[in-house]
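Novice: Encoded as structure tokens, here's the structure I'll be asking about.
The values are calculated or read from the model by the stated rules, or taken from the named source; none is laboratory data. Predicted model, so just to flag it, every value in this text is computed and none were measured. When we count neighbours, we look across all protein chains shown, and the Cβ atoms used for this are built from the backbone with ideal geometry, even at glycine.
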Amino acid sequence: MTDTYDVAIVGAGPVGSALGILLGQLGRQVVVLERWPEPYPLPRAVHYDHEIGRILQACGLGEELAAISEPAEIYEWRNADGATLLRFGRVGHGASGWPESSMFNQPALEALLAQRLAAFPAVEVRRGIEVVGLADAVTPDEPVTLSCRTAGGADEEVRARYVVGCDGANSTVRTLLGAPVRDLGFFYDWLIVDVVLNEERVFDPINLQICDPVRPTTAVSGGPGRRRWEFMRLPHESMEELNDVDTAWRLLEPWDVTPANATMERHAVYTFQARWAECWRVGSVFLAGDAAHQMPPFAGQGMCSGLRDAANLAWKLDLVLDGRADESLLDTYETERMPNAQAVIAFSMDLGKVICVPDVDEAAARDEAMRAGVVDGQVSEVPPLPALDDGLIAQTPAAGSLFVQRDVIDQRGEGTGPPARRSDDVVGAGWRLLVADAGSVDDLGLDPEVVAWFTSIGGAVHTIAQDPRANLGDTTDGYLGWFRRHEVTAVLQRPDFYVYGTVPEPEVLAQSLDALLRSLELDLCDPRRPVPVAAHHAHTPGAPDA
């Protein structure tokens, strides 16, 4: 134990655990405080997308994650008669090198995260301790003091330079901060039923939404060997009537799911909501995950949004803690993450407004309008999440977009794995300057002082080309194709995989690369500095590239 931790994380769910891992990998002294003595053993979240796969890969889970997941390539919507209204396609791997959509069992994921957390001596996980009070630091040099109560009733204090509340929708930290919440008034009660089937069964499509006004229903994977059904509460039903085990089995009967061929893991009624805290930072205290935002589950982005919070915040806290970046860098957390979360909430609500229709006439009009746009065999793409358009990004082409991860060959003679691997497994996560169609890094002619500074923030420079002198060989044209599409020759990737800035085809490559790195250094010193007019280029964040 330490007198003052670098970061205290309240809540040991997926978001708090991932944040602890990311900070632990950076060598930070971290304490994770969890009020419940044991992990919650029942399913909750069941979906993550390609970007979250990459974030969990950065947490060191790698192929262990794939073993507890199954891809979900189709999400189909049908009406009461079984006619297709919409067919979302999430086929193959996404921009981040992981399946576009994967289904999983949350307790299995939390077990992997807990095992990984335990690998860091500087990360302490304390269960059975509840935060009951908070005294924020008066100045950045003073710690935050958390008043805590153990399961045995003893009172104690925990001090940390920064505190992150990852303690869920009923967040104690948010309440203690007095952070106002904007509620969009989207309230629907749904019965969630998770089952394990006694025998393997194929469901086609793997994820199905039935827009039946008699009973709007969701049927999706709950991870390998598991299934989830969700049933909307109808206006005449009480919460108690719906949240009954006999009711759950009765609603499963049309699917040939009975106590004779399945085990029910959980049944619970949840009220789907759409809201967010209006401030995610108060002094040295932050909110993340459900403590900062809640959304209906129809887009499968609740946990995903929280893990994006963790990936955005971890590296910023690390740089600020030892003075490699100005404390104002932390203001960009809310600036960057809140618009993204709000957009996801809006999209989830839009889906819910289509699904949650108990009126027969209204549903018939919806069906007619949606069926008119259906073409046999055609799939609709899920709209991409918005790119960053503010915060710590340069004013260059593709800045703010999510950068790709593809398989590469490590041509430095250092790799011990198979010839082609995911690039993050080869070069690691962190600040990465990637230069296309170049030879060795030494041939770039970069200023040694600039490179030394870049190295000090965890940065590394790599070249990628067909040329064997380059660090990395592009096996699929996934990287070189990205450079060609965006008409750039270099990209500077942030530790959370978003593009800080790019370099177009320059007259003098070394000078342009040095200028981009110096721009980053100035931005870290003061993220709020005005961008010189001469530095402005066409800013086209765009959608993530496949």
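For (1) aliphatic (A, V, I, L, M); (2) crowded, with 19+ Cβ neighbours inside 10 Å; (3) not assigned by TED's automatic domain parsing to the domain that holds D326, each residue gets a yes or a no:
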residue	(1), (2), (3)
V257	yes, yes, yes
C279	no, no, no
L287	yes, yes, no
P296	no, yes, no
C304	no, yes, no
R308	no, yes, no
L313	yes, yes, no
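Novice: Next up: Listed residues D309, D376; which is charged (D, E, K, R) and part of a helix (DSSP H, G or I)?
Specialist: D309
Novice: What's the number of the only condition in (1) out of contact with any Asp or Glu (no Cβ under 9 Å at 6 or more places or on another chain); (2) touching a residue at least 24 places away in the same chain (Cβ under 8 Å); (3) part of a loop (DSSP other than H, G, I, E, B) that A438 fails to meet?
Specialist: In the conditions (1) out of contact with any Asp or Glu (no Cβ under 9 Å at 6 or more places or on another chain); (2) touching a residue at least 24 places away in the same chain (Cβ under 8 Å); (3) part of a loop (DSSP other than H, G, I, E, B), A438 misses (1) alone.
Novice: With the checklist (1) farther than 30 Å from I345 by Cβ; (2) assigned by TED's automatic domain parsing to the domain that holds L242 in hand, flag the one item A118 doesn't pass.
Specialist: A118 satisfies every listed condition except (2).
Novice: Looking only at strands (runs of 3 or more DSSP E) that lie completely in the stretch 133-212, which have at least 1 residues being touching a strand residue (DSSP E or B) at 6+ places or on another chain (Cβ under 6 Å) and farther than 30 Å from A346 by Cα?
Specialist: In the stretch 133-212, the matching strands (runs of 3 or more DSSP E) lie at 144-150, 155-165, 188-197.
Novice: Against the definition (at pLDDT below 85, within 30 Å of N312 (Cα to Cα), assigned to a loop (DSSP other than H, G, I, E, B) and not assigned by TED's automatic domain parsing to the domain that holds H50), how does G415 come out, yes or no?
Specialist: For G415, the condition - at pLDDT below 85, within 30 Å of N312 (Cα to Cα), assigned to a loop (DSSP other than H, G, I, E, B) and not assigned by TED's automatic domain parsing to the domain that holds H50 - is met.
Novice: How many residues are aromatic (F, W, Y) and either at pLDDT 95 or above or touching a Ser or Thr at 6+ places or on another chain (Cβ under 7 Å) (or both) if we restrict to the stretch 134-187?
Specialist: The total comes to 2.
Novice: Any residue that is touching a Lys or Arg at 6+ places or on another chain (Cβ under 9 Å), surrounded by fewer than 21 Cβ atoms within 10 Å (Cβ to Cβ) and either free of Cβ contacts under 8 Å to residues at least 12 places away in the same chain or of a type in the set (D, E, K, R) (or both) - is there at least one of those in the stretch 214-221?
Specialist: Looking through the stretch 214-221, none of the residues is touching a Lys or Arg at 6+ places or on another chain (Cβ under 9 Å), surrounded by fewer than 21 Cβ atoms within 10 Å (Cβ to Cβ) and either free of Cβ contacts under 8 Å to residues at least 12 places away in the same chain or of a type in the set (D, E, K, R) (or both).
Novice: How many residues does the stretch 344-363 contain that are under 26 Å from G300 (Cα atoms) and surrounded by fewer than 15 Cβ atoms within 10 Å (Cβ to Cβ)?
Specialist: Residues meeting the conditions: 5.
Novice: Let me ask you something else. Restricting the stretch 319-339 to residues that are of a type in the set (S, T, Y) and out of contact with any Phe, Trp or Tyr (no Cβ under 9 Å at 6 or more places or on another chain), which is surrounded by the fewest Cβ atoms within 10 Å (Cβ to Cβ)?
Specialist: Out of the qualifying residues, it is S328.
Novice: Hand me the list of strands (runs of 3 or more DSSP E) wholly inside the stretch 1-116 holding 2 or more residues that are closer than 28 Å to W229 by Cβ, hydrophobic (A, V, I, L, M, F, W, C) and modelled with pLDDT under 95.
Specialist: Once the strands (runs of 3 or more DSSP E) in the stretch 1-116 are filtered for at least 2 residues that are closer than 28 Å to W229 by Cβ, hydrophobic (A, V, I, L, M, F, W, C) and modelled with pLDDT under 95, what remains is 74-79, 84-89.
Novice: I would also like to ask the following. Can you name the condition, by its number, that R371 falls short on among (1) farther than 30 Å from P216 by Cα; (2) in contact (Cβ under 8 Å) with a residue 24 or more places away in the chain?
Specialist: Among (1) farther than 30 Å from P216 by Cα; (2) in contact (Cβ under 8 Å) with a residue 24 or more places away in the chain, R371 violates only (1).
Conditions (1) more than 19 Å from P205 (Cα to Cα); (2) at pLDDT below 95; (3) of a type in the set (D, E), marked per residue:
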{"residue": "A219", "(1), (2), (3)": "no, no, no"}
{"residue": "G222", "(1), (2), (3)": "no, no, no"}
{"residue": "R226", "(1), (2), (3)": "no, no, no"}
{"residue": "W229", "(1), (2), (3)": "no, no, no"}
{"residue": "E237", "(1), (2), (3)": "yes, yes, yes"}
{"residue": "E241", "(1), (2), (3)": "yes, yes, yes"}
{"residue": "T247", "(1), (2), (3)": "yes, no, no"}
{"residue": "L251", "(1), (2), (3)": "yes, no, no"}
{"residue": "V257", "(1), (2), (3)": "no, no, no"}
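Novice: Could you check V426 against (1) closer than 24 Å to Q57 by Cβ; (2) surrounded by fewer than 19 Cβ atoms within 10 Å (Cβ to Cβ); (3) in the same structural domain as P495 (by TED's automatic domain parsing) and say which number it fails?
Specialist: All conditions are met except number (2).
Novice: Within 30 Å of T172 (Cα to Cα), assigned to a strand (DSSP E or B), at pLDDT 95 or above and not assigned by TED's automatic domain parsing to the domain that holds G223: is that true of E130 in this structure?
Specialist: yes
Novice: If you don't mind, there's one more thing I want to ask. Hey, among the residues in the stretch 157-170 that are out of contact with any Leu (no Cβ under 7 Å at 6 or more places or on another chain) and in contact (Cβ under 8 Å) with a residue 12 or more places away in the chain, which one's surrounded by the fewest Cβ atoms within 10 Å (Cβ to Cβ)?
Specialist: A169
Novice: A further question on this structure: Within the stretch 118-137, can you find the residues that are closer than 14 Å to C148 by Cα and not hydrophobic (A, V, I, L, M, F, W, C)?
Specialist: The answer is R126, R127, G128, E130, G133.
Novice: Can you pull out every residue in the stretch 433-469 that is closer than 27 Å to W98 by Cα and touching a His at 6+ places or on another chain (Cβ under 8 Å)?
Specialist: L433, L434, V435
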